[in-house]
1. For region 550-571, name all the residues that are part of a strand (DSSP E or B) and under 32 Å from the mean Cα position of the chain (by Cα).
2. Counting only residues that are farther than 18 Å from Ala692 by Cβ and of a type in the set (Val, Ile, Thr), which one in region 616-665 is nearest to the chain's Cα centre (by Cα)?
3. Hey, can you tell me all the residues within region 944-978 that are in a strand (DSSP E or B) and buried (at least 16 other Cβ atoms within 10 Å of the Cβ)?
4. Which condition does Ser584 not pass, out of (1) small (Gly, Ala, Ser); (2) touching a residue at least 40 places away in the same chain (Cβ under 8 Å); (3) crowded, with 24+ Cβ neighbours inside 10 Å, if it passes all the others?
5. Where the second residue is acidic (Asp, Glu) and not in a loop (DSSP other than H, G, I, E, B) and the first is touching a residue at least 40 places away in the same chain (Cβ under 8 Å) and lies in region 1014-1041, which pairs have Cβ atoms under 8 Å and are six or more apart or on separate chains?
6. Looking at Gly315, Gly285, Gly293, Gly307 in this structure, which one is crowded, with 21+ Cβ neighbours inside 10 Å and not in a strand (DSSP E or B)?
7. Name the residue that is surrounded by the most Cβ atoms within 10 Å (Cβ to Cβ), counting only residues in region 675-713 that are among the small types (Gly, Ala, Ser) and closer than 20 Å to Lys410 by Cβ.
Amino acid sequence: MKKIYFLFSLLFCIPSLLQAVPAVNTPLEFIENRGQWDGPFRYKSVTGKGDVYLAENNFTYLIGDPSNKDRADAVKHGQVKGPEMLKFHAYRMYFDGAAKPAIKPGKEQSWYYNYFLGNDSTRWKTGIHPALMLDYTGLYPGVDMHVSSENNNLKYDFIIQPGTNTNIIRLRYEGADKLTIKNGNLVIGTSVGEVQEMKPYTYQYTDGGRKEIACRYVLKNDVITYDVTGDYDHTKPLIIDPTVVFCTFTGSTADNWGFTATYDNAGNFYAGGLVNGTGYPVSTGAFQISYGGGDYITGSEYACDMGIMKFNPTGTTKIWATYLGGNSNEQPQSMMVDASNNLVIAGRTYSHNFPVTATAYDTSMNGNADIVIIKLNTTATALIGSTYVGGSGNDCMNFDPSEYVYGNLKHNYGDDARSEVILDKQGNVYVTTSTNSTDFPTVNATQTTLQGGQDGVVIKMNPTLTSMIWGTYLGGTSDDAGYVLALDSAQTHLFVGGGTMSATGFPFTTGTYHSSYIGGTDGYIARFLNSGSYTLEKCTAIGTANYDQVYGLQMDMEDNLYAMGQSLGGVFPVVNAGYSNPNSSQFVIKMDKNLSTNIFSTVYGSGDPSHTNISPVAFLVDTCQNIYISGWGGNLAITQMPATIGTTTGMPITSNAAQSTTDGYDFYFIVLSKNVQSLLYGTYYGRYSLNAGYGEHVDGGTSRFDKSGVVYQAICANCGGSAGPAFPTTPGVYAPTDGSFNCNEAALKIAFQLGAVDAKAGANPNAKGCPPFTVHFVDSSLNATSYAWHFGDNTPVDTTFSPSHTYYAAGVYHAYLSIYNPNACKTRDTAYLTIVVDTNSVKSDFTAVVTDSCNPFNIALTNNSTYGTTPGAASFTKFIWYFGDGTSFNGLNPATHSYSSAGTYTVQLVMIDTTACNSPDTMSRTIVINNPLVKAGIDVPDSVCLKSGLIFTSTSTNASSLLWELGDDSTSALTSFSHTYATSGTYTVTLIASNPATCNKVDSVTKTVTIKTLPTADFSFAPVIPIPNTPVQFTNLSKDADIYAWNFGDGKVSGEVNPSHFYRKTGEYQVCLVARNNDGCADSVCKYVDAEIYTAADIPTGFSPNGDGNNDVLYVRGGAIETMDLKIFNRWGQLIFESTDLERGWDGTYQGKPQPIDAYAFVLNVTFVDGTSMQKKGNVTLLR
């Protein structure tokens, strides 16, 4: 499976091509070229990043310059006068040495496209159904290719059959500026930026599942081949699959630090960070478009607001961006999206005027630093809720906010800003963080007072943030912190994780894995009842006698709990784990829901027990129980950080890593298989610099993986600005470069593709209608190989990909889609849809009458619509009128409307009744307003051949008389007539149209016509008197001709200039020659030719198929042959060739393979035109 993405690698690609971006997660469509487009390609696909033209032996890519969008915008907004030159680059990838594959479309959709391009009707094509995949069968011997898409990006799989050498695949690039291999990746240089294809990911399916095979690119003379260096089963198919990912900046020109990221169900990316001043690229209409202010004394001692940005799933568009802040300092720490696509943000503020809603739980600042929880609407134009939460001390802060102060539980840079917000199915909001406030608000609390210098806190707010449902301290006699949260599948229990230094007083419970403080700094996990009294039911310590903290919690589908974090000392237990890196300082543990049993645990990293490699920031256990972790390493050259902070050097990576090398200060991503039996994936991501201060990092907060294994990672990147090396982003993205003097938040999205099948179903255009109601079901499922649609009306199951189905009776139907993939870890999944078929309908209707055909041009309108049957429908039904001139009217009846000019207008009435099955219903009528002007018009061909008559037709309007001047002193007053010019040449034709009753009285028009030269056809032939069994040689004597068409009178034709023809029967034949010039003018001549043919048939005794053009094919030759049958046998009597066509001879191959030098037996049976026949047997020698 090979994925090709335009313009770079490693997620969030944001190209700026001037075309519509496909819908969210919409598969690419492959549209067949049936002649509607120029060019020798079979299919075309349009992505948000470029066009792809797919031919039998090549792909052509067309990509745009990143500045194209800005150039177009400048013209659109009047900043530049005149047209702007847009820049594109095309390059082609040839499948060198490929055969002519059969291309078969798959998953053809029910909808279709019509193309009426240009004025050549032969190229108008209709009813072209797009396909979602293509199969190239027989691309090379033993190699097939499967072309499809993923996340709106083209991908193609090479499927290599057993016994086939991978070296047969040769990809030759033409049109690229430069090809290089860097870190195992193929880098394609173009005039508009680099395209990068990641190193090949090669695998095969065995009895144990998918097995990765080591493979690398080999580049020689602009040709790429694949070198499979790993051992694999040559009896099973092999699949080559490079992984490609994307990345972008926010584009802020102010210093912008990366804190937190999340996603929604559509795959949109939300990035949150702090912004130091003006210059954040807010969107028009955003909730807060201006920087609120800040200072260099409070908190982190850096003036800042929150900056929140939303990108579309492929990163091609910034959907919106906004500031959030008051007149002091803020930072976002965690984000999550609710079921309505509203964004919930938890963070810290020092501002007394932070924007809160009027009915918020707490509308005023409480102390030094407060928690703020914000819910933005889906367009970020308004607050649904926003509230302070806190006491008189410091809340939402661990130990100390300064980046230069460390101690107690603040081990990593950014640990002061660790907190998490999550949501339940009802939209309730949960937050855990830390506080040193003695008066932090509590409700139904397990612990109502601060026990030590700092405690963790856990709160639960209602969806609108107007009330606190539950709030409690969580701590002992020393410092404690809350970092992470998880809900079980029933959402009846809430789990909290973090760190504690409390040797006494922390509420560990008996019967758990560690029911008491272990020593040093411990991690912990607590389980609360999520209702009633919110009882603390279970609490366990996690770790060793050294330093340990929990930085991530996840639940699997069986309600087992997973935790990840850091542990120093090299003694964290490795239990029931097939994979570990002994003595390493990062851990993963799986426990039962009662927190009593270590089901498995392991450590990973460089094997250094004295230094942590990464500060973990995102954690996932997917539906297959694969385990994903992201984090970053290095000390950012901050000398005050603990000496136990290490680097990413030596972390485990896989051969298909997106980046296999590190400077020690990069981001790192790891995926472990179910029950940590193996390493599935490991990679670095970042720029290369030996300056630790330029390292990639986050400044606090959480990023997230979705359940399908896609990471949405916020990164504080490119710190140092232009002083350091550039952070790797994709050319052409929304913001490919850091626009600030220092850092810029990067949005990184990586799809690991290791999860289960995921059923997703939709109804197009909607799921409600009137009978008979046809629903086009849309299948957006992931990783499935078979599909079963159940329509809920007792009709048979449909196994097509995206079927259409018609419901004939009113009712509510519960349809569902079941998908299956036997190779997935989760093999089955189901998606449900409710289809409503109702008889309550509306009918929009109106009349429109032209009342004045002179300026101003008026029409009278009357609404004749029929309301629905819902009581009171007339009171709530809405009407919207569109007049076809860019204006509209909302209301029952506009009475009249005036147009500024005459013309044809489409008036549309939209009737909206939300209770009706067919709402909205639309009626359109065409209004023609004639302007009484005479208009001259000519319809005549641009050119004809000499001696052909030209048909002149007037297309004038409102004309009462006509006068034609034909350019050769001829005239006419007719509406339509024919005229023949005497000589070739160019003539100017003028038509004068008159009507004294019109405003302009007279109008004229001219047109140039060309009379083209006519060729002369003629030929001779020899012999004139026939010689038996001798071909006739024809000599072309035509003049002024370029193209020839011969008809030899026996059903045979030729396009040669001077052909030779062998007749099969004796007789007289009429031979005709059509001579045509390049202007399309033609002449013809016919002559009779005699042929004398005697019966004869034979084949040569030998031939030499060596490709030299001489005697390469063995043919039967003779005369008066009616039918023939030639069979060729090898020395074992095997039939290896047979032909019944004189024009089809043997080329010395069998089943596509050249045969050895040898004598081959033949049997020739011939029937002659006179009814006689013959058989001949013998041997023919194949020579090389």
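1. Across region 550-571, the qualifying residues are Gly552, Leu553, Gln554, Met555.
2. Ranking the qualifying residues of region 616-665, first place goes to Thr623.
3. First, the residues of region 944-978 that are in a strand (DSSP E or B): 944-945, 950-954, 957, 961-965, 971-972, 976-978.
Across region 944-978, the qualifying residues are Val944, Cys945, Leu950, Phe952, Ser954, Thr957, Leu962, Trp964, Glu965, Ser972.
4. Among (1) small (Gly, Ala, Ser); (2) touching a residue at least 40 places away in the same chain (Cβ under 8 Å); (3) crowded, with 24+ Cβ neighbours inside 10 Å, the lone unmet condition for Ser584 is (2).
5. Leu1014/Asp1083; Pro1015/Asp1083; Thr1016/Asp1083; Ala1017/Asp1083; Ile1025/Asp1090; Pro1026/Asp1090; Ser1038/Asp1083; Ala1041/Asp1083
6. Values: Gly285 fails: crowded, with 21+ Cβ neighbours inside 10 Å; Gly293 fails: crowded, with 21+ Cβ neighbours inside 10 Å; Gly307 fails: not in a strand (DSSP E or B).
Result: Gly315 is the single residue among Gly315, Gly285, Gly293, Gly307 that is crowded, with 21+ Cβ neighbours inside 10 Å and not in a strand (DSSP E or B).
7. Filtering region 675-713 down to residues among the small types (Gly, Ala, Ser) leaves 678, 682, 686, 689, 692-693, 695, 700-701, 703, 708-709.
When the remaining residues are screened for being closer than 20 Å to Lys410 by Cβ, the result is 692-693, 695, 700-701, 703.
Values: Ala692: 16, Gly693: 15, Gly695: 27, Gly700: 33, Gly701: 27, Ser703: 27.
It comes out as Gly700.
Each row is one residue, and each column tells you yes or no for (1) in contact (Cβ under 8 Å) with a residue 12 or more places away in the chain; (2) assigned by TED's automatic domain parsing to the domain that holds Phe259; (3) surrounded by fewer than 22 Cβ atoms within 10 Å (Cβ to Cβ).
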| site | (1), (2), (3) |
| --- | --- |
| Ser328 | yes, yes, no |
| Gln333 | yes, yes, no |
| Asp338 | yes, yes, yes |
| Ala346 | yes, yes, no |
| Thr349 | yes, yes, no |
| Phe354 | yes, yes, no |
| Ala358 | no, yes, yes |
| Asp362 | yes, yes, yes |
| Val372 | yes, yes, no |
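The values are calculated or read from the model by the stated rules, or taken from the named source; none is laboratory data. If you're wondering where the values come from, they're calculated on a predicted model, not measured in any experiment. Cβ coordinates were reconstructed from backbone atoms using ideal geometry, including for glycine residues, and neighbour counts include every protein chain displayed.
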